[in-house]
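Okay, structure first, notes after.
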Amino acid sequence: MIKIANAIEDHSVSGYKVQALDRAFAVLDHLASCEVPQSLAEVALSLRLHKSTAHRFLMVLERHRMIERTNRGKFRLGLRLLEYGTRALEQFDLREAAEPHLRRLVDEVEETAHLCVVDKDQIVYLAKIEPSRSIRMISRIGSTSPIYCTAAGRAILASYPLDQIRERLKTMTLKRFTEKTVNTQEALLKEIERTGRRGYGIDDGEREEGVRCLGAAILAPEGVPIGAISISGPPFRITKQKIPHIVSKLQTCVRSIQREIGYVQPREN
């Protein structure tokens, strides 16, 4: 009986620890989604926690430098997360393998190149290389953009079977960022199908006005997409006449990265 009681107690304690971790990450996710620092009351209300519970999690996260307090007593993400993020990027093999090819691509087309991976319904920018004549864009390393309205994201989506694409689209909220953003599932599915047929994605001012992007997926040795490379610039430089040339260089870059990570291109019949 004592052993059973101890086992139940151990299970209860471990369950509480997992729940506590979940709540701590929920606090971090909430602060990350907010544009301004949040008060204790705002955190508690948003996460439906008692103030005392929210305060306890905030204090632990602050002690470990995961979050920090402003002069007004509000909370925001801490610099230790930046340290972790930097280390994660350094340890990510794809970034290391892709970077020299990315630099060569930028030299060839003289436009900004991004290396992206997918996190749920977002693409995350792992690397960004700009030419000297670059026009500043909103993207930055570690930032995210929706997968549905970016060239890189569409290229990744188009690499999946159609039934899987349909399933993913069911859960997506298609927010409009510009007048050109595709924001219906029917139109998006057609665009993804076009992306698959031509072998690259296009975002013509859908995420950011005045920016045209071309993207191609990077496939792992198993043939599944693990990321994408995109080229971005103003439409007066990435003209429709120049797209075939830029896409050719983009696809050469992607094939070089794939060879380095062990992907073998299937032979055409």
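Quick notes on this one:
- Over the residues of the chain, the helix contribution to mean residue ellipticity at 222 nm works out to -16000 deg cm²/dmol, using -39500 (n - 2.57) for each DSSP H run of at least 4.
- The chain: relative contact order as a whole-number percent, Cα under 8 Å and 6+ apart: 14 percent
- When each of the peptides 104-116, 192-204 is scored by the mean number of other C-beta atoms lying within 10 Å of its residues, the order from highest to lowest reads 104-116, 192-204.
- Listed values (i) 203; (ii) 118; (iii) 130, entry calculated as volume of the Cα convex hull per residue in Å³: (i)
- Among 55, 113, 67 the positive-end extreme of the charge dipole of the chain (Cβ point charges): 55
- Degrees separating the helix 2-33 axis from the principal Cα axis of the chain, which is the longest one: 50 degrees
- These residues, 59, 172, go from largest to smallest accessible area, 1.4 Å probe, as 59, 172.
- Helix 185-198 axis versus longest C-alpha principal axis of the chain: approximately 50°, rounded to the nearest ten.
- Judged by the mean number of other Cβ atoms found within 10 Å, the most tightly packed of the peptides 248-256, 35-43 leads the ranking 248-256, 35-43.
- Nearest-20 debye value, segment 80-237 charge dipole, Cβ charges on Lys, Arg, Asp, Glu: 300 debye
- Probe 1.4 Å, protein heavy atoms only - accessible area per residue of the chain in square angstrom: 60 Å²
- Relative packing of 69-77, 229-237, which averages over residues the other C-beta atoms within 10 Å, highest first: 229-237, 69-77
- Placing unit charges on the Cβ atoms only, positive for Lys and Arg and negative for Asp and Glu, gives the chain a dipole magnitude near 440 debye about its Cα centre.
- Taking the C-alpha atoms only, the angle from helix 243-261 to the longest principal axis of the chain is near 50 degrees.
The values are calculated or read from the model by the stated rules, or taken from the named source; none is laboratory data. Predicted model only: the values in this text are computed from it and were never measured. Virtual Cβ from ideal backbone geometry, glycine too; neighbours counted across all protein chains shown. Heads up: the accessible areas ignore ligands, DNA and RNA and are worked out on the full protein's heavy atoms, side chains in. Shrake-Rupley method; radii C 1.70, N 1.55, O 1.52, S 1.80 Å.
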